[in-house]
Structures are given as C-alpha cells and as structure tokens.
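Working notes for the structure below.
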Amino acid sequence: MKKWLKVVALAILVVFSISVVLVGQMGEKKVQGATNELTFWSWVSDSDTIKQVYEQAIKEFNSNNKYGVKIKAVYTPGEQYKTKLQTAMAANNPPDILNMWAAGKMKPYVDAKRLFPISDIMNKDPQWKNRYVNGVFELTTFGGKIYGIPQIRVATVIYYNKQIFEKYKLTPPKTWSELVNVVKVLTKNNIIPFALDARDPWILAMYAEYIANRIDPDAYRKVQKDPNAWTDKAFIETGKKIQELVKLGAFPKGATSLDYVAARNLFDQGKAAMYVMGIWDVGYLSTQSPVKKYVGAFKWPAIEGGKGNINNFLAGIEQVIAVSSNCKNKQAAAAWLKLLSEQRYAKDMLAEKAGYFPSVKVNPDPKKVTGLYLDVLNLLKDQNTKDSFTYYDVMFGPIIGDGFNNTIQSIYLGKDPVEAFKKLAEIAKKEMKK
C-alpha cells in the first residue's frame, strides 16, 4: 500500500514540476540499468569446491547470453548468511537468485510468496527438466510447483573399514541381529564399533531416523499430519534400539564430548570400524583418510519384523538454488540454472572433479572417480524412492526437527523413550497449531 501511495504522489508532482519529471526519468533509467545485473547470494565458502562450479558458470553466462544480463555473486558463509537473508526477505528486498534450504525450512518463504515457482518456466522446457534424477524436486515442491533446483544429492550410508572386517571375518550386516553380532565381535576385540560424535544431536538422529524407517516407513508420514504420532510404537522402539546399542558398547566412551572431526579421526586411525555419515564425506574418505584404501560402504540393515526395506535411504538434497519473486529477469535466472545442469558442470566438475553426487543424471568416467564413489553410486541406484525419507531437521523445520534431534540425544543419555517422545509430541502440537 505504501508503495502504491508513493507512485500516486509522484504522478501528482509530475503535473506541477518539470524538474520532478527529469528526476523521474533519471530514476527510471537507473531501474532499467539495474535489470542488466542479477545478484546471486550463496552461503558457500572459499574452501567449498562447488564455489568453483558457480564461478565458472557465472563467467560463461556473463560472457554470452541473449538477455544481456550479468550475474554478480555475493558469498556469505555460515550462519551469517541465514541472518542476512532473513533480514532481506523481511524487508521484501531479496537477491534475484539465492541459495535456499528445502522442505520445512523453505516452506515459510514459499508461504510468504518470496520465491518464484521455477516450474512455471521449467515445465515449458522438458529437455531441461528431464535431466534430473527422479524425485530430486520433492523437497522443493509445494502446491504442485517447484520452487528450488538442487545441485547435489545427499544420502547417509554406513562406511566401514574392510581391513578390520576381514581380520575378524565379518561381512556387512543386512539385518539388525547381524549388526548386533558385528558390534559384539568388535567390542570383544577392543575395536570401537561406531565412530560417533554425540555432541551434535543431528548425527545421532541419523541412526534413529534409519531405525524408525526400518520399523515402519509410515511413521515418518504420520507425524507430518498428526503430532500425537510421535508417541507411536515405531518411535518408542527406535529409542529402545538406540539404548540397546549404547548398552552393547557400540559407541566411543565420552562420545558427547567428541566433535565431527574427533569422531571421524577414530575411523581414520583404525580405532573404529564403522562410521555413519552422509555421502558428502566420500571425497575425504577416498582421497585423504589414512585408511582410504580400505573404506567401503553399505546400506542400513533391515530390522526383523519391521516393514522398512533395506533400499529405503535417508536422503536429501543440497545446494538448492531458488529465484526470488522479486527477480528482475526470471527468464535469465532460469537460463543460468539450466546452464548449471549441463554435463560439463554436473558430470565433469561436480562429479569427477569435486566428488559430489549431482542431482542431474550423470555417468562419470570410472577412471576419474574413486572406487568408493562408484560403490556408493551403485548403492544409490537401488534406492526405493517411494519410502525413502529425508533428514528430520530439514523436513520438519527448526522447532520440531531440532526437537527430534534433542529427543534422541536425551534417550542416548538414558531418558525413558516414552517420556522423551511425549515431550516431543507436545512441542509438535504447539508448533502445528501456529
């Protein structure tokens, strides 16, 4: 309304003042010039290899595009990005193109009409849309429209030290009882079964998210609609399974004081035999880890009597790029996003050079990627997209999602699962009423 009033006031002044007309013309010229530059905000840091991908794509686009547009990147790593973006969005002054979260963390921006549905353009270009792996847009789709394009696929697997497994005649477990046996054999031989950073709740939560899925894949869907479903049997049993692993000695002593790097070091040093982590660690584990020659990966085991399939992956997407509803040239922004989906970026740079798993369909040259990369890629080819699920703190947003992470951490520390999930259900009730 204020903006409309300003326009009316300017129109009245124009009638009485030629000088104001001239000022208006100068302002108009400035706005027109601004449409020739689109800003791209990103949270990547200088150490993120994907920054090289963005920079190269911007350079190529700026040198030759039919829109006469140039893209200017502004990088703000870490938590500062979140604060900066929230401030800009609240003022309705967002960048033209931006790094964005998915699922529950994206929804508030969609509801506030701050993001442009990129599918309005993409659906008219099936060649572009068909480049992507099935299911990658599920977490950025609201009301049947796509609001963000992910650059990377992520999933969580269990990495293991093949040398240790061979020494104790172990094989990757396919069932919970087999996993329990592996844990017992390893602890008997003074090997830590799982390298775990229990200080950061989201890591331990990945164990719980997998266990709940293997017990009942519907549990994940039920809590999206009914907060009382957090107290269902699937989640209570999940808590009990976490405590079973604790009692078996599956985790390092003092795990709540270990950070991400300290926990991974246990795996690097051969002190721990397994390591539950996302495929974002494939690059490190296969090129820099002291045990890189012995690292393999396997799927989270099934649970006897459970409904979940071993091919249901805890998976998601990263480096989502969205276009703001205020973008000065949406067609040009879409053209740059399409450029990023070309094989020279998705396959050559993201997969073969950086070791990422692109959201675009690629067949990397086996000679240009590591054996572990190919092993994980083969695991993902078996993915059952129907019952796969994403990280709870992403799906449910900061209140419920982080509440789940903290609930699992409290259960790890000994809290009764029934009481812990009752508390989470109360948190979810309050949040879902808003």
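Only the coordinates and a few stated rules stand behind these numbers; no lab work does. These numbers were taken from a predicted model, which means no experiment stands behind them. Cβ sites come from the backbone with ideal geometry, for glycine too, and all protein chains shown count toward neighbours.
Scattering from region 367-410 was approximated by placing one identical point on each alpha carbon and applying the Debye formula without solvent; log10 I(q)/I(0) at 0.22 1/Å stands at -0.76.
Going highest first, how would you order 350-360, 37-47 by mean Cβ packing within 10 Å?
Top to bottom by mean Cβ count within 10 Å: 350-360, 37-47.
Helix 330-340 and the long axis of the chain differ in direction by around 40°, with both axes built from C-alpha atoms.
Checking the table Lys225/Lys271; Lys299/Lys353; Lys113/Lys240; Lys145/Lys361 against a 32 Å threshold on Cα-Cα, which pairs fail?
Pairs exceeding 32 Å: Lys225/Lys271; Lys113/Lys240.
Computed packing ranks the peptides 89-102, 257-270 as 89-102, 257-270, most packed first, by mean other Cβ atoms within 10 Å. For region 46-98, a/c is not less than 1.5, where a ≥ b ≥ c are the root eigenvalues of the C-alpha gyration tensor, and a/b does not top b/c. That puts it in the oblate class.
Considering only the other residues whose Cβ falls under 11 Å of the Cβ of Lys72, what net charge follows from Lys and Arg at +1 and Asp and Glu at -1?
Its environment carries a net charge of -1.
Just want to confirm a number: the relative contact order over the chain, from Cα pairs under 8 angstrom separated by 6+ residues, in percent. It rounds to 24 percent for the chain. Here Val246 and Asn36 are evaluated by their C-beta separation; at R0 = 56 Å the FRET efficiency comes out at 0.40. Put simply, the amide H of Ile317, placed in the peptide plane, has neighbours under 5 Å in Val154, leaving out anything fewer than 5 places away on its chain. Descending by average beta-carbon neighbour count within 10 Å, the peptides 306-316, 372-382 line up as 306-316, 372-382, the highest first.
Helix 397-412: angle to the longest alpha-carbon principal axis of the chain, degrees 0 to 90, nearest 10? Value to nearest ten degrees: 20. If you take the square roots of the eigenvalues of the alpha-carbon gyration tensor of region 294-362 and sort them as a ≥ b ≥ c, do you get rounded (a/c under 1.5), prolate (a/b over b/c) or oblate? Because a/c hits 1.5 or more and a/b fails to exceed b/c, region 294-362 counts as oblate.
Measuring max minus min along each principal axis, the C-alpha atoms of region 180-330 give extents of 60, 40, 29 Å (largest first).
Nearest 10 degrees is fine. How inclined is helix 201-215 to the longest principal axis of the chain, computing both from alpha carbons? Around 70 degrees separate the two axes. Would you mind computing the Rg to Rh ratio of region 310-434 from its alpha-carbon coordinates, Kirkwood style for Rh? Reported Rg/Rh, Kirkwood definition of Rh: 1.10.
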